[in-house]
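Structure first, commentary second.
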Amino acid sequence: MPEGPEIRRAADKIQLQIGGRVVDEAWFAFPELAEQANVLEGVRVDAVDTWGKAMLLRFANQQVLYSHNQLYGVWKLHDAAKPPSTKRSLRVRLVADGRAASLYSASDISLWHAQDLKQHPFLSRLGPDLLSHSLTADDVAVRLASRAFLRRRLGGLLLDQGLVAGLGNYLRSEILFFAQCHPKQRPVDLTESQRHQLATCIIQVTRQAYEQAGVTNTKAWIEQAITAGEPRRQWRFSVFERAGLSCHRCGEVIERTMVGSRRLYWCPGCQVNTP
């Protein structure tokens, strides 16, 4: 499943395609939404942003189109007169000035008034978004130290969208590695300085993944990995997908473990579980 940075990059592309333009035609596959299509026609697309892994298209009349791609949904951008060739099921199409943004295969789609978004059953459970909301390392450190999260193991906690929204599997492994935290440690096990370092990594690694299209590794380590013949699916990461290979930082062999049903990669040399 795409993580926050990938959804944010998709939102940026939709913004370039139809953002600031007036919708000439709105089409929905689901009957309950098709009945409301007219409230978007003739209305400007004010902004396209994200909250975690959800996409939010905001309109000048305060309507907000919510969608969550889940595993299979995908937005395709195209000339309105030339729909893409695909076997996917069309769910939403918005046309503005001859440009179209079409959502395929997604099933979690709804239309909301902006003031009612806080009541959305998914969004209401999310923490602040790492890329769309103004969030500092201090803000994240405070959340890590809060009663709700203080005694939870980091390996599971970083996937809890209630902490901060947008983290997923590869980001979790990368953040813990750069913060030099063991996945079994809890925020309460860390010093205040270590919690702040973790918070800083949560923001920095996520932002780098957004800015560099999913690359979270350092330039020097990327060059080292490419020289060693690693494919992109490995060299783009510092530890994720690198089980059995040497850690760039300390030389220990990267390990893979399961936290729940999700795989996690970590370095036993750099990420020591100290009390």
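Got at least one residue in the stretch 50-66 being among the hydrophobic types (A, V, I, L, M, F, W, C), over 26 Å from Val22 (Cα atoms) and buried (at least 17 other Cβ atoms within 10 Å of the Cβ)? Checking the stretch 50-66: not a single residue is among the hydrophobic types (A, V, I, L, M, F, W, C), over 26 Å from Val22 (Cα atoms) and buried (at least 17 other Cβ atoms within 10 Å of the Cβ).
When each of Leu135, Leu131, Leu90, Leu126 is tested for being in contact with a Leu (Cβ under 9 Å, 6 or more places away or on another chain), among the aliphatic types (A, V, I, L, M) and surrounded by 13 or more Cβ atoms within 10 Å (Cβ to Cβ), the lone residue that passes is Leu90.
One residue alone among Val259, Val272 is open to solvent by 40 Å² or more (accessible area, probe 1.4 Å) and more than 25 Å from the chain's Cα centre (by Cα), and that residue is Val272. Hey, could you check the stretch 191-218 for residues that are assigned to a helix (DSSP H, G or I) and hydroxyl-bearing (Ser, Thr, Tyr) and say which is least open to solvent (accessible area, probe 1.4 Å)? Per the stated criteria, the residue is Thr206. When the stretch 219-238 is filtered for residues that are open to solvent by 50 Å² or more (accessible area, probe 1.4 Å) and assigned to a loop (DSSP other than H, G, I, E, B), the ones remaining, listed by number, are Ala228, Gly229, Pro231. Evaluating Arg147 against the criteria (1) open to solvent by 10 Å² or more (accessible area, probe 1.4 Å); (2) touching a residue at least 60 places away in the same chain (Cβ under 8 Å); (3) more than 29 Å from Gln62 (Cβ to Cβ); (4) of a type in the set (Lys, Arg) leaves one unmet condition, (2).
Yes or no: Ser173 more than 25 Å from Met55 (Cα to Cα) and either open to solvent by 50 Å² or more (accessible area, probe 1.4 Å) or not aliphatic (A, V, I, L, M) (or both)? Answer is no for this residue.
Of the residues examined, Ala179 is not one that is more than 25 Å from Ala11 (Cα to Cα), open to solvent by 20 Å² or more (accessible area, probe 1.4 Å) and not basic (Lys, Arg). Scanning the stretch 3-40 for residues that are open to solvent by 70 Å² or more (accessible area, probe 1.4 Å), in contact with a helix residue (DSSP H, G or I) (Cβ under 7 Å, 6 or more places away or on another chain) and of a type in the set (A, V, I, L, M, F, W, C) yields one hit, Trp27. Residues in the stretch 67-77 that are at pLDDT 95 or above and open to solvent by 60 Å² or more (accessible area, probe 1.4 Å): Lys76, Leu77.
Counting only strands (runs of 3 or more DSSP E) that fall entirely inside the stretch 1-110 and contain at least 1 residues that are among the polar types (S, T, N, Q), the qualifying elements are 45-51, 63-68, 99-104. Suppose the filter is over 18 Å from the mean Cα position of the chain (by Cα), more than 22 Å from Phe122 (Cβ to Cβ) and surrounded by 20 or more Cβ atoms within 10 Å (Cβ to Cβ); does Ala80 pass it? Here the answer is no, as Ala80 does not meet what is asked. In this structure, Val188 qualifies as over 19 Å from Leu135 (Cβ atoms) and either in a helix (DSSP H, G or I) or of a type in the set (A, V, I, L, M, F, W, C) (or both). Considering the stretch 98-108 alone, what residues qualify as being out of contact with any helix residue (DSSP H, G or I) (no Cβ under 8 Å at 6 or more places or on another chain), farther than 12 Å from Asn69 by Cβ and either surrounded by fewer than 21 Cβ atoms within 10 Å (Cβ to Cβ) or among the charged types (D, E, K, R) (or both)? Across the stretch 98-108, the qualifying residue is only Gly98.
Within the stretch 253-275, the set of residues being touching a strand residue (DSSP E or B) at 6+ places or on another chain (Cβ under 7 Å) and outside any strand (DSSP E or B) comprises Ile254, Pro268.
The values are calculated or read from the model by the stated rules, or taken from the named source; none is laboratory data. Everything quoted here is computed from the prediction, not taken from an experiment. We place every Cβ from the backbone using ideal geometry, glycine too, and count neighbours over all the protein chains shown. The protein model used for the area step is the full one, side chains on, heavy atoms only, and it has no ligands, DNA or RNA in it. Shrake-Rupley method; radii C 1.70, N 1.55, O 1.52, S 1.80 Å.
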